[in-house]
Amino acid sequence: MRSKQALKMAQRLGDLIRQHRTLHYTQSTFAKMIGVSRSTVQKLEQGETVKSDILFEALVVLQLQGSLLDEINELAADVGGYNTRQRKTNKAQVINDDF
């Protein structure tokens, strides 16, 4: 059983992959490029369960790696999580060296 958040992310990524894939490739051509069957591409685009390496290869071929982080950030914001791109920075400390 998958959580609502996981289902939502899978659907978003599937939509993103489908949108970008249709600009350049048929499902059959794209499937050959990432080394899977056309039915696996259909599953991927519908947000169904596929192996993570297939998802990552699809994102790399379509040059959408950064979009994965964007989707994670958006999903985390939807559920009240944190932003993965936020980083804690050390504030500059003023050192009093007047002796």
How much length is gained on full extension from GLN19 to ALA77, taking 0.36 nm per residue of separation minus their Cα-Cα distance?
18.6 nm
Residue separation times 0.36 nm, minus the C-alpha to C-alpha distance between SER39 and LEU68: what's the value?
8.2 nm
Assuming a ≥ b ≥ c are the square roots of the Cα gyration tensor eigenvalues, decide whether the stretch 16-82 counts as rounded (a/c under 1.5), prolate (otherwise, with a/b larger than b/c) or oblate.
prolate
From the phi of every residue in the stretch 62-74, what ³J(HN,Hα) in whole Hz does the Karplus formula 6.51 cos²θ - 1.76 cosθ + 1.60 yield, where θ is phi - 60° and glycine or proline is x?
8, 6, 10, 4, x, 5, 4, 5, 4, 5, 4, 4, 5
Give the cross-link partners of LYS32 among the aspartates and glutamates, using a straight C-alpha distance below 16 Å as the criterion and excluding same-chain residues fewer than 8 apart.
GLU45, ASP53, GLU57
Give the ranking of ASP53, ASP70 by solvent-accessible surface, highest area first, calculated with a 1.4 Å probe.
ASP53, ASP70
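The values are calculated or read from the model by the stated rules, or taken from the named source; none is laboratory data. Quick caveat, the model's predicted, so the values are computed rather than measured. Calculation scope for accessible area: heavy atoms of the full protein, side chains included, ligands and nucleic acids excluded. Shrake-Rupley method; radii C 1.70, N 1.55, O 1.52, S 1.80 Å.
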